[in-house]
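The values are calculated or read from the model by the stated rules, or taken from the named source; none is laboratory data. Quick caveat, the model's predicted, so the values are computed rather than measured. Cβ: placed from backbone, ideal geometry, glycine included. Neighbour counts: every protein chain shown. Heads up: the accessible areas ignore ligands, DNA and RNA and are worked out on the full protein's heavy atoms, side chains in. Shrake-Rupley method; radii C 1.70, N 1.55, O 1.52, S 1.80 Å.
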Amino acid sequence: DLLDPASLQRASDDDWRIDGCPHHGGGLAADDQGRLHLVWFTQGRVRQGLFYRHADHGRFSPPMKFGNDAAQAGHPAVLATGRSVTLAWLEFDGQTNQVWIQQSRDRGRHWGPARRLAASEGAVDYPILLARAGKPWLVWHSEREGLRSWALTP
């Protein structure tokens, strides 16, 4: 059982100490075969930036870095649909907020290139991944363009 206290394990050990609550949350998704897919933001001594890893029965893959630190990559999201895994996050180039995605077709073992999906100036919300009819979708709201959604092809 995933929530059995006897089977709990630490998913990351980045040695990040902060007097407060970071404004970047992590993300967790389970695929239909029980693999857990995790994303998180850290500014620890061990690693900094956005990271992904998966776990099978308590065995974790090595952390995979994604996103551009120079563009303030943050606010990661993850979605598992069938054998596909989709990551989404925000970046800021000094003028525009950008939504980026990266996808795997084999349950997180190999990854395609990161791609910029959209950009907007002004205030934006965090990207949200959701499944619709078993397919990945991304929803994003910006002050200028309003609410938008994209069907994502793995």
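Some observations on this one:
- Peptide packing for 121-130, 81-90, 104-113 was compared via the average number of neighbouring C-beta atoms within 10 Å per residue; ordered from the highest value, the list is 81-90, 121-130, 104-113.
- Remark: the Cα gyration tensor places the chain in the oblate category, a/c being 1.5 or greater and a/b not exceeding b/c.
- What the chain shows is 58 Å² of accessible area per residue, with the surface traced by a 1.4 Å probe over protein heavy atoms.
- Most fluctuating residue given options Val46, Val139, Val99, as computed from a GNM of the chain linking Cα atoms under 10 Å: Val46
- Two-decimal ratio, region 71-154, of alpha-carbon radius of gyration to 2.2 N^0.38 Å: 1.06
- In the chain, the portion of solvent-accessible area held by carbon and sulfur atoms comes to 49 percent [1.4 Å probe, whole percent, DNA, RNA and ligands not counted].
- Relative contact order, whole percent, for the chain stands at 14, derived from Cα pairs under 8 Å and 6 or more residues apart.
- Entry note, region 41-114: relative contact order of 21 percent, from Cα contacts under 8 Å with a spacing of 6+ residues.
- For region 41-106: rounded, prolate or oblate by the Cα gyration tensor [a/c cutoff 1.5]: oblate
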